[in-house]
1. Pick out, from B:T253, B:F83, B:G182, the residue whose Cα sits farthest towards the positive end of the charge dipole of chain B, with +1 on the Cβ of Lys and Arg and -1 on the Cβ of Asp and Glu.
2. Just to confirm the number: angle between the C-alpha axis of helix B:3-13 and the first principal axis of chain B, 0 to 90 degrees, nearest 10?
3. If you rank B:Y185, B:Y331, B:Y79 by fewest surrounding Cβ atoms within 10 Å, what's the result?
4. Could you tell me what a quarter of the Cα convex hull surface of chain B works out to, in nm² with one decimal place?
5. For chain B, with the dipole built from +1 on Lys and Arg beta-carbon atoms and -1 on Asp and Glu ones, taken about the Cα centre, which of B:I219, B:G124, B:P265 lies farthest toward the positive end?
6. From the cross-link list B:K31/B:K209; B:K26/B:K297; B:K45/B:K136; B:K204/B:K243, which pairs have alpha carbons spaced over 28 Å apart?
7. Rounding to the nearest 10 and keeping the result within 0 to 90°, find how far the Cα-based axis of helix B:112-121 lies from the longest principal axis of chain B.
8. If you wrap a convex hull around the C-alpha atoms of the stretch B:68-164 and split its volume per residue, what is the figure in Å³?
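What follows is calculated from the coordinates using simple rules that are stated; it is not laboratory data. Model, not experiment: these values are computed from the prediction. Cβ atoms come from the backbone with ideal geometry, glycine included; neighbour counts cover every protein chain shown.
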Amino acid sequence: MVGSMGIKWILDPLKNVVSELAKLMEGMRQSIKEQSVEVLQLEYLELENAFLTIIFGGLVGMPLMPLGLSMELAPYLMEEVRFLESRHARGKDTIGDFFSSMGGEW
Amino acid sequence: MTLEDLAHAIINVAKDKPHIVTVIGKGGVGKTTVSIMIADILSKKGKVLLVSLDQAMHLLKYLSLRRAHVVERVDGELYAIQFDLETEARKFTGEYSLLLRQIMPGLKVLNVEKVTDVVRNSPGFEEEVYLRFLSKLYDDDRYDYIVIDTPPTGVTLRILNLPRMYMFWLDNLIELRERIVGLRYAIQRVIRGRAEMRDEVLDKLYEMKENYVKLAGMITDQGRTSYILVATPEPLPVYEVKKTINVLRELGTEPVGIVVNKVIPWELAGKMGISGVQLESIMDVDAIKCRTSTCIKIAILMNEKPPDTLEKAREAMVKTIPLSATIKHGYRSQSSG
Ligand SMILES: Nc1ncnc2c1ncn2[C@@H]1O[C@H](COP(=O)(O)OP(=O)(O)O)[C@@H](O)[C@H]1O
Ligand SMILES: [Mg+2]
């Protein structure tokens, strides 16, 4: 009895520590994951921006790519342009916009 | 060596339908006239479309076409169309502003009329309109031969260079888009566990690249395109011919023939005091080294009356001789005069 009590006395806190540790590690894993995703997302957004700017920059006076090429590509870029537009309209919530732009259940 | 020989050289190298014959030269040297002559000869061997891209629109008058931008049958298997840049440019800007309205309904800062104006006046716009038309011609296999009377040399050379410029842009866009798609894939994998690698835009970019590589290839493939350069025996037109040959070589092709048009009979040239300039110019052309055996150099004599109808062009066409023959005559008249 005493022995088992003694063991429980040792084990219980240990269990707590382990589960706490597990929680902590899970949290860390999650946050690393989120952080790395965030970095990727930022780079992604930059590139998207660059891509669309190259294609449509001519419209705002930047002598960029030939119009004929922009025109050929334009129909395929409708969604992306809308996404970028909405990002400008809604301001800071880039990640939220980004998620919704990708569709699916986030 | 006559125009007939030149036409036969073209028939011999032609390996796919339609074979494009592009006639290049300075304004006024006789591009349109030579185009009519060549098209007429070729039309005895197959169905021919003669297209004048030259906005001077003399083809309308020479062949009594009813209106621009419509194909009309001229004679036998010879068809002709005078391209109208304005009509085609309006189509282009119309499509463009429609796209803009669809893509950016929110962009109210830019009104569509203004955008159309900007597009119409942006550098390189006309060349792009011409290129769209040219690329359609390469696909038009209803004709065996399509003879193209070109706009001013500078414009023509920029058009021929455009597919390569497009390829440069597409390469850069593809590289950027591949990175975007790669990143999106990585992000989706982390967040969702599964990801989609396919990208419609990237697919379109690959497709466009393929098309322009093909077009650039046809433009420089001697089995698909024959270039005929035209000059009069004067320094500037001859200079343009040399410049054009350099550009064609940079692109990777060679002219099939050089025509020196409106060679004035030596006696008359002597009286006019221009036989020296004429002889020098002809010798200058004669000295141009062709890299293919098929490169034919001929001279067309100056006709008393301008050959400005199909019938008169047929008469004038008979007065073609090998370029080297004119030099012999020239020397004789120079030494005797
Ligand atoms: N061999 C020739 N003899 C006399 N006149 C010519 C000859 N070739 C062309 N012409 C005339 O020279 C002018 C310009 O010719 P055209 O073919 O319209 O030149 P381009 O298309 O290069 O501007 C026209 O009046 C044409 O009739
Ligand atoms: Mg002309």
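1. B:G182
2. 40
3. Ordered by Cβ neighbours within 10 Å, fewest first: B:Y331, B:Y185, B:Y79.
4. Hull-based average projected area comes out at 21.0 nm².
5. B:G124
6. B:K31/B:K209; B:K204/B:K243
7. Between the helix axis and the principal axis of chain B, the angle is about 40 degrees.
8. Per residue, the Cα convex hull of the stretch B:68-164 comes to 130 Å³.
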